[in-house]
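The values are calculated or read from the model by the stated rules, or taken from the named source; none is laboratory data. Note that the structure is a prediction, hence the values are computed from the model and not measured. Neighbour counts are summed over all protein chains in view; Cβ atoms, including those assigned to glycine, are modelled from backbone coordinates with ideal geometry. For the accessible areas, the whole protein counts, side chains as well, though only heavy atoms, and no ligand, DNA or RNA atoms are used. Shrake-Rupley method; radii C 1.70, N 1.55, O 1.52, S 1.80 Å.
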Amino acid sequence: MPTAPLSIMPTIVGNWKMSVTPASAEALAGEIRAILDAGDSVGCVRAVVCPPYVSLETVARTLAGSDVAVGAQNLHPEPEGAFTGEISPQMVREFADFVIIGHSERRAHFSESDDFIARKVRAAFDVGLKPILCVGESISERRAGDAERFVSEQLLAGLSNLDDLSELLVAYEPVWAIGTGETATPEIAQEMIGALRFAVRDSFGGDFADTIPFLYGGSVNAGNVAELVIQDDIDGALVGGASLAAHSFCAIVQNAAKSTHRA
Ligand code: PEP
């Protein structure tokens, strides 16, 4: 029987998308390190930054020995072969501990299916990467009153190749809240994440349901992170736009550390 981890570490993940060059990624990582090293301890919160592939090595080098971990934004599920332009799990693993999988931009712009995403989650586990599996409904699913069913099914589909979820993180990211400035209310985010935890409990048991960090993503910033991470089931945030400036990303980490109910 697989063993689940004993406690949840609140986690703030910065998704730098396709918004930094290698030079600016190195500078951003260096600034984040300097601010967090100089400030009050945020030891109860795990910070992760996810640069583009071409910057993984330089960012990993810049952050080596710091409290900030590195993640990738994607991977290909096959271990090697004729997949021009793709990056294998093992290639990512040389520089990163985490990997974002199933971001709504990949589902929408690159037609990634639940099945393909499930293969990626499995492949990440197989090389010791911690997958951050993203799920979330569109505005039409929410307006149709179908959001909870849709997102729960999306989550379980992404986990369909697994029986051990010990190193998994899940990010609930309503598509209508990503990059729009429109954040889900803490109540909406809590309600959905509570339902997702229930779905995991139902399919995989309480040990995993109680120990998976569930993040919220969608226009999170330093001003709204506290009211999110104080919710019973929310264990951190996946941050896009506000992670691209060191001072705002660090303020999110610091405010989460002050407010998390998990501390
Ligand atoms: C994201 O890209 O995952 C995201 C949540 O973006 P933003 O914070 O800009 O809404």
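From Gly218, Gly241, which residue is on the phi > 0 side of the Ramachandran plot and near the ligand (Cβ under 10 Å from one of its atoms)?
None of the others qualify; the one that does is Gly218.
What is the one condition in (1) part of a helix (DSSP H, G or I); (2) within 16 Å of the ligand (Cβ to nearest atom) that Ile100 does not satisfy?
Checking Ile100 against (1) part of a helix (DSSP H, G or I); (2) within 16 Å of the ligand (Cβ to nearest atom), the one that fails is (1).
Against the condition within 16 Å of the ligand (Cβ to nearest atom), acidic (Asp, Glu), touching a residue at least 24 places away in the same chain (Cβ under 8 Å) and farther than 18 Å from Ile8 by Cβ, how does Glu148 come out, does it pass?
Criteria not met by Glu148.
Considering each residue of segment 43-67, count those that are of a type in the set (A, V, I, L, M), more than 18 Å from the chain's Cα centre (by Cα) and open to solvent by 20 Å² or more (accessible area, probe 1.4 Å), and give that number.
2
Could you grab me the full set of residues in segment 75-92 that are in contact (Cβ under 8 Å) with a residue 40 or more places away in the chain and part of a loop (DSSP other than H, G, I, E, B)?
Result: Leu75, His76, Pro77, Glu78, Pro79.
Within segment 184-223, track down each residue that is among the basic types (Lys, Arg) and either closer than 22 Å to Trp16 by Cβ or open to solvent by less than 20 Å² (accessible area, probe 1.4 Å) (or both).
Arg197
How about segment 224-234: which of its residues are within 11 Å of the ligand (Cβ to nearest atom) and either without any contact (Cβ under 8 Å) to a residue 24 or more places away in the chain or not in a loop (DSSP other than H, G, I, E, B) (or both)?
If the condition is that a residue be within 11 Å of the ligand (Cβ to nearest atom) and either without any contact (Cβ under 8 Å) to a residue 24 or more places away in the chain or not in a loop (DSSP other than H, G, I, E, B) (or both), then Val225 is the only one that fits.
Hey, does segment 7-14 have a residue that's open to solvent by less than 30 Å² (accessible area, probe 1.4 Å), over 23 Å from Ala256 (Cα atoms) and either touching an Asp or Glu at 6+ places or on another chain (Cβ under 8 Å) or touching a residue at least 40 places away in the same chain (Cβ under 8 Å) (or both)?
For segment 7-14, residues open to solvent by less than 30 Å² (accessible area, probe 1.4 Å), over 23 Å from Ala256 (Cα atoms) and either touching an Asp or Glu at 6+ places or on another chain (Cβ under 8 Å) or touching a residue at least 40 places away in the same chain (Cβ under 8 Å) (or both): absent.
Please determine, by comparing only the residues of segment 244-263 that are away from the ligand (no atom under 15 Å from the Cβ) and part of a loop (DSSP other than H, G, I, E, B), which one is nearest to Val13 (Cα to Cα).
Of everything passing the filter in segment 244-263, Thr260 is nearest to Val13 (Cα to Cα).
Name the pairs whose Cβ atoms lie under 7 Å apart, with the first residue in segment 205-223 and over 18 Å from His261 (Cα atoms), the second more than 13 Å from the ligand (Cβ to nearest atom) and open to solvent by 10 Å² or more (accessible area, probe 1.4 Å), and 6 or more positions between them or separate chains?
Asp207/Ala4; Phe208/Ala4
Which count do you get for residues in segment 11-24 that are outside any strand (DSSP E or B) and within 16 Å of the ligand (Cβ to nearest atom)?
Of the residues in segment 11-24, 5 are outside any strand (DSSP E or B) and within 16 Å of the ligand (Cβ to nearest atom).
Being surrounded by 17 or more Cβ atoms within 10 Å (Cβ to Cβ) and aliphatic (A, V, I, L, M), is that true of even one residue in segment 142-154?
yes
Quick check on Glu105: is it within 16 Å of the ligand (Cβ to nearest atom) and under 14 Å from the mean Cα position of the chain (by Cα)?
Yes, satisfied.
Each row is one residue, and each column tells you yes or no for (1) surrounded by 19 or more Cβ atoms within 10 Å (Cβ to Cβ); (2) away from the ligand (no atom under 16 Å from the Cβ); (3) not in a loop (DSSP other than H, G, I, E, B).
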position: Ser111; (1), (2), (3): no, yes, no
position: Phe116; (1), (2), (3): no, yes, yes
position: Gly128; (1), (2), (3): no, yes, no
position: Pro131; (1), (2), (3): yes, no, yes
position: Ala157; (1), (2), (3): no, yes, yes
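Can you find a residue that is within 15 Å of Gly14 (Cβ to Cβ) and small (Gly, Ala, Ser) anywhere in segment 228-238?
Yes: one or more hits.
Within the set of pairs 6 or more residues apart or between chains, which connect a residue that is in contact (Cβ under 8 Å) with a residue 12 or more places away in the chain and over 18 Å from Glu153 (Cβ atoms) inside segment 102-125 to a residue that is open to solvent by 70 Å² or more (accessible area, probe 1.4 Å) and more than 15 Å from the ligand (Cβ to nearest atom) with Cβ atoms less than 8 Å apart?
Sorted first by the residue in segment 102-125, then by its partner, the pairs are Ala123/Pro79; Phe125/Glu167.
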